[in-house]
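These notes concern the structure reproduced below.
The values are calculated or read from the model by the stated rules, or taken from the named source; none is laboratory data. None of these values were measured; they are calculated from a predicted model. A quick note on method: Cβ atoms are made from the backbone with ideal geometry, for glycine too, and the neighbour counts reach across all protein chains shown. Only protein heavy atoms, including side chains, enter the accessible area calculation; ligands, DNA and RNA are left aside. Shrake-Rupley method; radii C 1.70, N 1.55, O 1.52, S 1.80 Å.
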Amino acid sequence: SQQGEEDPQALSIQEGENATMNCSYKTSINNLQWYRQNSGRGLVHLILIRSNEREKHSGRLRVTLDTSKKSSSLLITASRAADTASYFCATAGNTGNQFYFGTGTSLTVIP
Amino acid sequence: SQTIHQWPATLVQPVGSPLSLECTVEGTSNPNLYWYRQAAGRGLQLLFYSVGIGQISSEVPQNLSASRPQDRQFILSSKKLLLSDSGFYLCAWAPYGYTFGSGTRLTVV
């Protein structure tokens with residue numbers, strides 16, 4: 001079963017604007033990860049945030065985690081046309097060996 | 001460095017034909033290996049994962065099976081494909097986050 005659910009399903013913004021995507025999950029986690037997928041390609045790991053962390057940065061990416069609300073957000077600042085892709089969150093299952101993905105947010109950045 | 005290879009990139013198979021997709025990992029030993037399927041415009045569905053040779057955990061049995069004959073080799077198979085098996089199949093390995101292969105787009109006709 002899938003644990004993560006991204007919101008919104010689709011997002012369209014102008015280049016230079018910030019993009020925020022949200023992920024909600026159902027059960028306790030050890031960590032939460034965000035991935036990016038360009039059309040027809042494999043997924044690329046962006047960032048991992050552990051359950052004892054509240055915020056993490058990587059370049060123009062900022063991820064927050066609120067375990068009390070079982071939610072995470074991914075912020076992409078100063079978006080570029082090349083950021084156009086689908087973004088997925090993934091949470092670790094009970095044994096920590098398997099990860100479950102949400103249905104993704106499709107981001108379109110208009111030049 | 002660790003790399004993951006997945007082939008073929010695209011595959012068109014008739015209904016009822018067998019399937020074998022292969023995934024190999026280089027540069028690491030005893031990785032956790034995973035097979036995911038992504039339907040068009042949808043999220044990823046975990047099909048199988050393996051924590052070691054001969055160890056397969058199935059999430060969604062359906063019409064598919066997986067095997068791990070060697071430490072760094074993971075195979076996805078079917079004896080008879082169904083139309084519903086069409087999709088984008090991704091292999092991945094962990095431990096720190098996933099590293100995904102480039103995927104196989106399977107169309108069953």
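A few remarks follow.
- Members of the range B:55-66 that are in contact (Cβ under 8 Å) with a residue 12 or more places away in the chain and either open to solvent by less than 80 Å² (accessible area, probe 1.4 Å) or in contact with a Gly (Cβ under 8 Å, 6 or more places away or on another chain) (or both): B:I56, B:E59, B:V60, B:N63, B:L64, B:S65, B:A66
- All positions within the range B:1-29 that are of a type in the set (A, V, I, L, M) and within 11 Å of chain A (Cβ to nearest Cβ): B:I4, B:A9
- Any hit, the range A:53-76, residues being among the β-branched types (V, I, T), in contact with an Asp or Glu (Cβ under 8 Å, 6 or more places away or on another chain) and under 30 Å from B:N30 (Cβ atoms): yes
- Of all positions in the range B:30-52, none carries a residue that is more than 14 Å from every other protein chain (Cβ to nearest Cβ), open to solvent by 20 Å² or more (accessible area, probe 1.4 Å) and either of a type in the set (S, T, Y) or touching a residue at least 12 places away in the same chain (Cβ under 8 Å) (or both).
- In the range A:26-52, the qualifying residues are those that are in contact with a strand residue (DSSP E or B) (Cβ under 7 Å, 6 or more places away or on another chain) and more than 13 Å from chain B (Cβ to nearest Cβ), and the one that is modelled with the lowest pLDDT is A:I29.
- Annotation note: Cβ proximity below 7 Å between a residue of the range A:1-19 that is closer than 19 Å to A:K70 by Cβ and a residue that is exposed (fewer than 14 other Cβ atoms within 10 Å of the Cβ) and at pLDDT 85 or above (sequence gap 6+ or interchain) occurs for A:Q3/A:K26.
- No other residue among A:S72, A:S68, A:S39 is touching a residue at least 12 places away in the same chain (Cβ under 8 Å) and open to solvent by 30 Å² or more (accessible area, probe 1.4 Å) apart from A:S39.
- Index of the failed condition, B:R72 passing every other in (1) open to solvent by 80 Å² or more (accessible area, probe 1.4 Å); (2) over 26 Å from A:E5 (Cβ atoms); (3) within 14 Å of chain A (Cβ to nearest Cβ): (3)
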